[in-house]
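A quick write-up on the structure given underneath.
Each reported figure results from applying straightforward, stated rules to the coordinates on display, with no laboratory input. Keep in mind that what you see is a predicted model, and the values were worked out from it rather than measured. Cβ placement follows ideal geometry from the backbone for every residue including glycine, while neighbour counts extend to all protein chains displayed.
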Amino acid sequence: MQRELIDSPARGAYVELETLIALRFIARQLKLTRRKRALARLAGANQSNFRGRGIDFDEVRAYQPGDDIRSIDWRVTARSGEAHTKLFREERERPVLVVVDQRPDMFFGSRHCFKSVLAAQLAALFAWAALEGGDRVGGLVFDGTRHRDLKPRRSRRSVLALLSEITAYNHALPASGGNNSNGFSSMLSALRRVVRPGSSVYLVSDFRGAESEEAGKHLFQLAQHVQIMAVCCRDTLEEQLPQAGNYAVTDGEQRSQLDTADRRLRQRYQQEEQAGRQQLQAQMARLGIPLLDAHTHESPFRLLQTYFGESRR
């Protein structure tokens, strides 16, 4: 079972809770706080997304030359007549929020699994790895019209609650009323209401709607105060139409035919998809947000291992 989860792509139209729980054992090989050189090469990965301290108050001592004047404790200074400064210590347990997109757009796939299933497994790997690293883990699951958020806690029960919510939302697909053009920005708006400054956010989505002005504003505001890692779930059929022919396609409720005989249509489709992907990459680079591409035909664990796996000596 573990070997299959390590090397194989995610599978199926729906995720199983047992699979998400089983990912705990291989997630121990991921160290989210130890980013590898491969991740540093991604656009924006060397920029800090932290604008808050991310640290806890420790004590007050007499001011010394070279201390940050912004840390001066003015109350103690006024009371004692001598300058005093606050000392801080690093916060050992970071709040981690795993944000999982389960909109109807994610209910799509042509090989091995749907994007919604891939997102669920990636989210589970992030959550288990964060817990193993001593972080407080919470999350937000969104389906286009509603969301469920869980406060970060350092407990196995918290991760299990998140995985249960992901499974429930996943099994409700394809949800009705989810073709909301503002769905992605609504998800970011909900995230802004619950996330704390200094948190680490793992955003797993297909980023449909990220190009909107409103979504861009939300991402900009989030990037000022939290550290974001973005993972874009993709499927081969979205990037390039298949060879000329008639193909049966379905949304789970209705069936239709896809005719790809027109070569110019296939070229235009591929060009538009490439332009959209480049636009997303540029948007994330401007905000200093590393962006990973995850495909439905690839192992989600192997992808994360490339960037967060333990270094081999």
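The eigenvalues of the Cα gyration tensor, multiplied by 5 and square-rooted, give the range 232-313 an equivalent ellipsoid with semi-axes of 31, 18, 12 Å from largest to smallest. Each residue of the range 263-279 is assigned a 3J(HN,Hα), and the resulting list reads 5, 5, 4, 5, 5, 5, 4, 5, 5, 5, 5, 5, 5, x, 5, 5, 5 Hz, derived from the Karplus form 6.51 cos²θ - 1.76 cosθ + 1.60 (θ = phi - 60°), x at Gly and Pro.
If you average the sequence gap of Cα pairs under 8 Å that are 6 or more apart and divide by the length of the chain, what percent do you get for the contact order? Relative contact order comes out at 27 percent.
Note on the chain: with a GNM built from Cα contacts shorter than 10 Å, the maximum mean-square fluctuation among Arg208, Arg157, Arg79 falls on Arg79. Highest-first packing order for the peptide set 295-301, 146-152 is 295-301, 146-152, based on the mean count of other beta carbon atoms within 10 Å.
Across the range 119-126, computed HN-Hα scalar couplings (Karplus, 6.51 cos²θ - 1.76 cosθ + 1.60, θ = phi - 60°) run 4, 4, 5, 4, 4, 5, 5, 4 Hz from first to last residue, x flagging Gly and Pro.
Each residue of the range 186-195 is assigned a 3J(HN,Hα), and the resulting list reads 5, 5, 5, 4, 5, 5, 4, 6, 10, 7 Hz, derived from the Karplus form 6.51 cos²θ - 1.76 cosθ + 1.60 (θ = phi - 60°), x at Gly and Pro. Put the Cα centre of the range 135-164 next to the Cα centre of the range 181-197 and the gap is 14 Å.
For Arg136, the amide hydrogen comes within under 5 Å of the amide hydrogens of Arg94, Val96, counting only partners 5 or more places away or on other chains and with H modelled in the peptide plane. Three principal axis extents describe the C-alpha atoms of the chain; from largest down they are 83, 43, 41 Å.
Give me, ordered by chain and number, the residues 5 or more places off Ser110 or on other chains with an amide H under 5 Å from its own placed amide H. The answer is Thr236, Leu237. Diagonalising the gyration tensor over the Cα atoms of the range 165-313 and scaling each eigenvalue by 5 before taking the square root yields semi-axes of 30, 20, 18 Å, largest first.
A crude spin-label estimate for the pair Leu160 and His297, with each label 7 Å from Cα along the Cβ direction, gives 3.8 nm. Note on the range 76-211: Rg/Rh from C-alpha atoms, Kirkwood Rh, equals 1.15.
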